[in-house]
Amino acid sequence: MRFEQSLERQLELLDFDYDKVIRQLRAKELKGPLTVEEVGLMGISQFRLGLFQEAKQSLGYAADHGNIECAIELCGCRFALFEFTEALETLHLLRSSCHGFLHGMVLRWTAILECFMGNATYGVGLLTRAYREFQAVGNKRGMQIAANMLGATLLLSGDYQKAEYYIKHSFDLSDPSKEQALWVDTSLKLFMVYAYTDRVAEAGRTLHEMRRYVANVSNRASSYFGLTLKLCETVMSRLTGNRLTFATNLVKLQMILSDKSQRHVEGLVWVGPLLLDSISKMGQHGIAHKLIDRMLPDPSLRPTSVRIIEAVIWLRKGGYIAAINKLEQTLEAAREGGQRLEIIRCHLYLADAFYKAGAPALAVPHLAEGLSALIRWGGNFIVYDDLEGMKSVLLYGQSQPETAELIRVIRGKAPAPPQDQALYLRTLGRMEIKGKGQATKWRLDEREVLLILAYLTLRPNETIEQIAESALSEKWLESTEAAKVYVRQVIMLLRQQFGKDQLLASQERKNAPARYRLSDNLNLKLDVDAAYEALARGDLEGMFELYQGPFAARSDSAFASEVNDKLEGAVYQALLVAANAAQDAEALASVARWVRQMISLVPENPEVAELARRLDKQLAPLAEANGTLDKII
């Protein structure tokens, strides 16, 4: 489906006035039954205003009558209602059958659910693909929502700098006068970025803006958005050290979040752990455990942040062995999902638990890992609160050679150690990898090894079979088994080269195929990502310095074709925007120069050729006028 045919486009033409859409359709319903499309419009509007139960009914009806867009939105509604398993099952069925705008929608919601379930790296990969699909066709609305969701997943994975970029980019693509509901949602994410990076003044300004937006959102949605506001106010009171207000708000939130009719996903992810931790610190461990069971009765659906608090409650109760078991399981899940903050916290609490259990020798490696990661990735008020409660193990760590210097760095008494040198993977025009001061030689075809390395970077957490089907050239696909064997050999080579702990494997469940991704510790930079970053800055010159040829030029794999198609589309859209914005001959000539360079890279692209002809026509009279002027002079 094309965006122009979607219900989303109809809502855009109606200025996203969801409340008005619902009122008009309710009035129309009194005169006769609504069409499937009209019920779908009502369902999406209800969903965007936080009226999840009503939306579930409307979207379910439209989905049952064949509307795929509503079936996808229904998955988002199920996510808001904590019906994760049903939503994921539907999305996995839809993913292979949807194309165009709908495919991007499926990727977005799949990513959010995977991220909430702890698979942040996979979620980031899916959302990056969705964003670039929308970017390649110039779909501003798709880019806006994908950027919003991508910012949220990056926030959960602990990459705060990128999270802030995409969240602000979502703001740039939207109109606050028409999209108040989305602005509240996006503001929540920006607020949490500021909170997690201890930027109190900026968090306060964002909260002030949120109050204004919430006041303008439909009264019917006020309970949901009012709760969003209350969540942020609670965090703000914690950031500013206002303990009395924080405690008062926590008591109110305890009652609200335990009410199944008002549960709030963002609240559970970001404020829920704060609430539970504070209750536990007051010695009310039983109440904290009951709240967890009430909010998320299925332990398998609890996010890692909540699992950590479960373990910490056991630790505070003196159940060291239970705490260690839970923390080790959570650490594995956090590593597989690429959740940086949770990795740090698990290591630190494991160190504390082992020390208090009388095994200080086992505490030291975890303390060293946690502190090293904290120095490398950075922390926030949550981690430093954790450290405040670990004084005994930190005191012991000061006497240990593995951790003494790290503790000095954390306390600001020593400089941080230098970061590892980055690896640079070039894929545009030619395939090569540089960095760490040495050339790499492979016993297999270097281009295919590096293509699979690029695949693991751009599409983390996929199986051997998926990698083989997408990344290998057609000659390998004649034998599925031979292709899978070859991919396993490449993965073994990559582990030998970079270290086994730099290429991670995980399983969703027992007997499920392993999924592979690169560790966050492997500092790998990809030229394709840098090209997209240059496009985002409007830096065409910087982009063309990188874009020296097709991605994986000699590969006929499906993966290479898809990356090339998206990049071509994104560059064409950037050139089109630049051409439309050019106001004088100099600017037109500059764009025409880039278009000619693009033609040399993709000579068979008809859209680029048409843009070149258009620019030539615009420049012709200007060139003629300049020639006449030269003769007169």
Between the range 1-33 and the range 295-355, the Cα center-to-center distance that results, in Å: 45 Å
Sequence-distant aspartates and glutamates (8 or more away, or on other chains) whose Cα lies within less than 19 Å of residue 525: 159, 420, 432, 446, 448, 501, 533, 539, 545
Relative contact order [Cα under 8 Å, 6+ residues apart], the chain, whole percent: 9 percent
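What is the antiparallel percent of DSSP beta bridges lying wholly in the chain, to the nearest 5? Intermediate values should be presented prior to the final figure.
On the way: 10 of 13 bridges.
Here the share of antiparallel DSSP bridges comes out near 75 percent.
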Farthest toward positive dipole pole in the chain [+1 Lys/Arg, -1 Asp/Glu at C-beta], among 285, 444, 365: 285
Exceeding the 27 Å Cα-Cα cut-off - candidates 168/500; 162/391; 140/189: 168/500; 162/391
Rounded accessible area per residue of the range 304-448, 1.4 Å, Å²: 46 Å²
Largest-first ellipsoid semi-axes for the range 14-166, taking √(5λ) over the Cα gyration tensor eigenvalues, angstrom: 28, 16, 15
Largest to smallest accessible area among 290, 252 [probe 1.4 Å]: 290, 252
Local electrostatic count, residue 367, Cβ distance below 10 Å [Lys/Arg +1, Asp/Glu -1]: -3
Solvent-accessible area per residue, Å², over the range 178-244 with all protein chains present [probe radius 1.4 Å]: 40 Å²
Net length gained if the chain between residue 497 and residue 247 were fully extended (0.36 nm per residue, minus Cα distance): 84.8 nm
The chain - mean residue ellipticity at 222 nm from DSSP helices (-39,500 (n - 2.57) per run, n ≥ 4, rounded to 500): -22500 deg cm²/dmol
Simple Cβ-charge dipole of the range 1-156, Lys/Arg +1 and Asp/Glu -1, about Cα centre, in debye nearest 20: 280 debye
Taking the range 418-571 and dividing mean pair separation by its residue count, relative contact order in percent (alpha carbons under 8 Å, at least six apart): 32 percent
Computed Rg/Rh of the chain, alpha carbon atoms with Kirkwood Rh: 0.99
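Can you put 251, 383 in order of accessible area, largest first, using a 1.4 Å probe?
The most accessible residue leads, giving 251, 383.
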Heavy atoms of residue 308: accessible area, 1.4 Å probe, square angstrom to 10: 0 Å²
Solvent-accessible ranking of 108, 205, largest area first, probe 1.4 Å: 205, 108
Test item: Cα-centred dipole of the range 415-567, Lys/Arg +1 and Asp/Glu -1 on Cβ, debye: 620 debye
The range 315-438 - convex hull of alpha carbons, volume per residue in Å³: 140 Å³
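If you take every residue apart from residue 67 with its C-beta less than 15 Å away from the C-beta of residue 67, what net charge results, scoring Lys and Arg +1 and Asp and Glu -1?
Once all neighbours under 15 Å are counted, the net charge is -4.
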Calculated log₁₀ intensity ratio I(q)/I(0) where the Debye formula runs over C-alpha points of the range 491-633, q = 0.14 Å⁻¹: -0.80
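The values are calculated or read from the model by the stated rules, or taken from the named source; none is laboratory data. Every value quoted in this text rests on a predicted model; they were computed, and no experiment measured them. Backbone-built Cβ (ideal geometry, glycine too); neighbour counts: all protein chains shown. In case anyone asks, the SASA skips ligands and DNA or RNA and just uses the protein heavy atoms, side chains included. Shrake-Rupley method; radii C 1.70, N 1.55, O 1.52, S 1.80 Å.
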